[in-house]
1. Give the ranking of Tyr177, Tyr83 by solvent-accessible surface, highest area first, calculated with a 1.4 Å probe.
2. Whole number in Å², please: accessible area per residue of the range 275-417, 1.4 Å probe, ligands, DNA and RNA not counted.
3. What order do you get for 372-382, 150-160, 325-335 when each peptide is scored by the mean count of other beta carbon atoms within 10 Å, highest first?
4. Mind giving me the nanometre distance, one decimal, between the label points for Asp392 and Asp354, set 7 Å out from Cα along Cα→Cβ?
5. Give the ranking of Ser361, Ser207, Ser307, Ser243 by solvent-accessible surface, highest area first, calculated with a 1.4 Å probe.
6. At a Förster radius of 60 Å, what calculated FRET efficiency corresponds to the Cβ-Cβ distance of Leu365 and Val154, to the nearest 0.05?
7. Please compute the length gained on full extension between Leu306 and Leu321, using 0.36 nm multiplied by the number of residues separating them and subtracting their Cα-Cα distance.
Amino acid sequence: MGTTDAEIDLGSDAAWVAAALVLMASLSGAVVLAEWPFWGVQLEQPEEPDLVTVGDAESELWPYTARTKRFEARTLGINVVFYDDPEDVETALRERSALRWEEGDPIETTDNGTNTSERVEIDPEAERIEDAITFQDAEGAKRYTYVETDGEGVWLEESYQLHSGTYLGERMHIRAYNDPNGEWTAVQVHEEHWDWFRLRHTVTGISDSQRRLEEDFMGKPYVEEVVRLPFGNRTADGDGWASVIYLAIVPALLLGSTRLFRDVKLAGRRFILRQRRELVLGATVFGMYLAVRFVGIAGETFATGLSPKLIAAPLYLCLALGTPAIAYQLGRGSNHTWAFAFAAAGLGTAFVVDFAAMGVSLLPLRVILHRAAVVTALGLIALGGALAVERDEYPPALLVGLAGWLAALLAPLFGYL
């Protein structure tokens with residue numbers, strides 16, 4: 001009897017111990033797998049991130065999102081890319097009724113790098129949902145992606161989030177990332193539901209929501225083409241192919257010149273991003289010269305007891321020494337041609353504004369030639385700064401520019417102008 005009771009007790013203990021072990025193992029496994037990709041299998045991370053070329057070979061995109069600004073923290077794959085101005089893309093997602101579009105031939109795409117050299121046409125007559133998906137602003141955790149433009153990399157936080165569905169129920173969730181050059185919008189779209197035991201959303205897949213979003217844009221008058229390109233970024237239930245949607249959205253008043261307008265706008269944005277250092281150079285030189293003029297006037301106005309020459313002396317030193325120093329320093333690391341051009345243009349424009357403010361409408365030829373020499377000398381100093389980065393010695397352009405700047409300053413002091 002005693003032996004029988006002991007066996008029964010042992011069996012009861014074994015049952016709850018086994019249940020406790022299962023509970024601990026399940027909970028521990030859930031915690032661990034929650035930090036891994038969808039199927040709980042961490043794909044091998046390459047030493048260098050695989051980037052795909054997007055846009056007109058202007059940008060390279062890391063086709064994933066990440067919890068932090070680290071490649072090792074990646075989560076889901078980018079699975080939709082819209083080609084058009086990001087503001088128009090956002091309008092297309094948020095408010096279809098506000099769209100205007102143009103008629104045109106489908107765009108021809110070329111091989112965009114090793115990861116996007118193939119494409120699959122999507123049949124616009126394929127079965128699709130009848131009504132447009134209605135998106136609203138969404139809340140969600142921050143996710144980042146990485147973009148390289150002209151060899152410079154930057155981590156992007158999502159530009160906006162949208163969802164279709166309910167936060168505490170089931171929804172299709174979008175995170176959108178706008179191209180710094182303004183050519184495209186990368187989208188990560190997935191389906192998820194609110195989990196009351198985790199107090200967060202649980203992702204259930206990315207392929208169905210990708211297909212729904214893709215089908216929602218097929219055959220629309222503001223869409224030129226829908227294709228799929230291989231990004232090689234398989235995560236969750238995704239196959240690594242991204243839906244690429246080319247829009248044809250234009251402002252209502254520019255229907256006749258839309259493509260030209262869009263090309264000019266994109267080219268302008270790219271130029272500003274590429275030449276931002278040179279633009280800062282020109283703007284700083286411009287501001288420096290005009291600041292000297294108007295600070296001098298203000299000083300003379302408020303410090304009436306001081307001789308104007310005492311006010312002018314420190315300002316002249318700022319102009320004579322500070323201007324070439326700025327040109328040289330901001331010229332370093334700049335494009336050779338644009339460093340010269342923006343330094344010269346900045347100072348030349350400042351001269352024109354200054355003359356206009358002073359009411360000067362007629363200049364002697366010697367003054368015009370002198371200002372041309374000053375502008376050229378400053379441009380050469382900026383060019384010398386750009387070249388100095390690549391050489392161990394001072395480049396001739398810098399020496400000539402400094403000599404010209406010094407001569408342009410000394411000639412008036414010695415009465416030659």
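1. Values: Tyr177 0, Tyr83 35 Å².
Correct descending sequence by accessible area is Tyr83, Tyr177.
2. Details: 8110 Å² over 143 residues.
Accessible area per residue, the range 275-417: 57 Å².
3. Values: 372-382: 23.3, 150-160: 13.2, 325-335: 20.8.
My ranking of the peptides, most packed first, is 372-382, 325-335, 150-160.
4. About 4.0 nm separates the two model spin labels.
5. On the way: Ser361 115, Ser207 30, Ser307 50, Ser243 0 Å².
Putting Ser361, Ser207, Ser307, Ser243 in descending order of accessible area: Ser361, Ser307, Ser207, Ser243.
6. Values: r = 49 Å, r/R0 = 0.82.
Approximately 0.75, to the nearest 0.05.
7. Numbers: separation 15, 0.36 × 15 = 5.40 nm, distance 2.35 nm.
Contour length minus Cα-Cα distance gives 3.0 nm.
The values are calculated or read from the model by the stated rules, or taken from the named source; none is laboratory data. Just so it is clear, the structure is predicted and the values come from calculations on it, not from any experiment. Here Cβ is always computed from backbone atoms with ideal geometry, including for glycine, and neighbour counts include all displayed protein chains. SASA here: full protein model, heavy atoms, side chains in, ligands and nucleic acids out. Shrake-Rupley method; radii C 1.70, N 1.55, O 1.52, S 1.80 Å.
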